[in-house]
Amino acid sequence: MVCLGNICRSPLAEGILQHKIDHAGLNWQVDSAGTGSWHVGKKPHKGSIQVAQEHGLDISTQRARQFKADDLNSYDHIFAMDASNYRDIISLASNDIQKAKVKLLLNETYPAQNRGVPDPYWNDDGFEEVYQLIEAACTLILENYQD
Ligand code: 4NP
């Protein structure tokens, strides 16, 4: 799960998907990262921690890290929160196999519409909407990506 800062959207996506994986008893590995380095080592944004808590999830122990090219080898699927994140990840890919792993998260919910998860960093009221968008997409990931 990848966004720009790894403090607002992708930590929520990691927490939500991890919760669903645990509940389903799946042996999947999930992680999140930001394309930028500004917030490396920091906790998620307080708005993300709070909205997660309101939905019964604790994401406060996550720490931001920057996406690295080798993540394109380590993971089978890489979900970008918006088109800018998508482009930044694709620019690190070195072959078509890696490029094919990169998807826009909301294309799970709205196929081929290329919608982005809005960035709540500048909008304190935006976290619940972001939670709902990510939650719906992660429900479909659980349904659609099991072998
Ligand atoms: P995120 O949100 O990509 O969802 O973690 C942002 C966090 C920080 C900044 C922008 C977006 N920033 O400009 O520092």
Checklist entry - Could you give the nm distance between label points at D22 and Y110, where each point is 7 Å from its Cα heading toward the beta carbon? => result 3.0
Checklist entry - Alpha carbon centre of the stretch 119-145 versus the stretch 1-71: separation in Å? => result 12
Next on the checklist: Taking the Cα centre as origin and putting +1 on Lys and Arg beta-carbons and -1 on Asp and Glu beta-carbons, what dipole magnitude results for the chain, to the nearest 20 debye?
Outcome noted: 460
Checklist entry - So which residue, out of L104, L26, L92, gets the largest mean-square fluctuation from a GNM of the chain using Cα contacts under 10 Å as springs? => result L26
Item to check | Q29-Q146 pseudo-label distance in nm [points 7 Å out on the Cα-to-Cβ vector] | outcome: 2.2
Checklist outcome for this item: Projecting the Cα atoms of T139, Y75, S48 onto the charge dipole of the chain, where Lys and Arg contribute +1 and Asp and Glu -1 at Cβ, the residue farthest towards the positive end is Y75
Checklist entry - With every protein chain kept in the model, how would you rank D71, D22, D88, D82 by accessible area, 1.4 Å probe, largest at the top? => result D22, D88, D82, D71
Checklist outcome for this item: A student applying the Cα gyration tensor rule (rounded when a/c is under 1.5; otherwise prolate if a/b is larger than b/c, oblate if not) would label the chain rounded
Checklist outcome for this item: Counting only protein heavy atoms and rolling a 1.4 Å probe, one gets per residue an accessible area for the stretch 2-144 in Å² of 52
Checklist entry - Using a ≥ b ≥ c from the Cα gyration tensor of the stretch 18-61 (square roots of the eigenvalues), is it rounded, prolate or oblate, where a/c under 1.5 gives rounded and otherwise the larger of a/b and b/c decides, a/b for prolate? => result oblate
Item to check | E129/V40 FRET efficiency (R0 41 Å; Cβ-Cβ; nearest 0.05) | outcome: 0.95
Checklist entry - For the chain, which whole percent of the accessible surface, found with a 1.4 angstrom probe, sits on carbon and sulfur atoms? => result 47
Checklist outcome for this item: Given pairs K20/K103; K43/K68; K46/K101; K42/K68; K46/K99 and cut-off 25 Å on Cα-Cα distance, the over-length ones are K46/K101; K46/K99
Checklist entry - Can you give the relative contact order of the chain as a percent, counting alpha carbon pairs under 8 Å and 6+ residues apart? => result 26
Checklist outcome for this item: Charge dipole of the chain built from unit charges on the beta carbon (Lys, Arg +1; Asp, Glu -1), centred at mean Cα; most positive-end Cα among F127, T109, P11 is P11
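The values are calculated or read from the model by the stated rules, or taken from the named source; none is laboratory data. Please read all numbers here as calculations on a predicted model, not as lab measurements. Every residue, glycine as well, gets a Cβ built from its backbone with ideal geometry; the counts of neighbours run over all protein chains shown. Please note that ligands, DNA and RNA were not included when accessible areas were found on the heavy atoms of the full protein model with its side chains. Shrake-Rupley method; radii C 1.70, N 1.55, O 1.52, S 1.80 Å.
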